[in-house]
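> Here you go, one structure.
The values are calculated or read from the model by the stated rules, or taken from the named source; none is laboratory data. Bear in mind the structure is a predicted one, so any value in this text is a computation, not a measurement. Neighbour counts run over all protein chains shown; Cβ positions are idealised from the backbone, glycine included.
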Amino acid sequence: MTQQFDIVDKVALAVGAALMLLGVVVLGLIEVLAGQPYGAAPLTNEAGEVIATPAIDPVVRTGLVILGLVVLLLWGVYRAITVDAPADRTPREVTAD
């Protein structure tokens with residue numbers, strides 16, 4: 001059984017994967033290249049003053065990944081409810097020798 005992808009399938013897979021890769025890989029590399037701190041929370045000193053914050057807000061990164069997963073979930077639902085054309089199942093007469 002082979003899978004045939006139409007334009008909707010290709011766009012949904014590309015957008016979902018691109019959003020997740022952007023949120024995890026690209027913004028993760030930017031965060032590493034920006035330097036310390038690597039954590040999601042801002043660093044504070046003993047007085048409670050913020051001394052360092054992450055380069056990219058973790059809410060943005062998480063939102064991109066979740067949006068990518070939602071796109072893929074919606075694509076999966078679309079694939080589940082669309083019906084492919086049935087295969088040609090015409091009965092054939094076979095005679096025995």
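> Could you please let me know if ASP9 is charged (D, E, K, R) and either touching a strand residue (DSSP E or B) at 6+ places or on another chain (Cβ under 8 Å) or modelled with pLDDT of 90 or more (or both)?
Answer is yes for this residue.
> I'm told ALA85 meets every condition in (1) more than 19 Å from the chain's Cα centre (by Cα); (2) at pLDDT 90 or above except one. Can you identify the failing condition by its number?
Every condition holds for ALA85 apart from (2).
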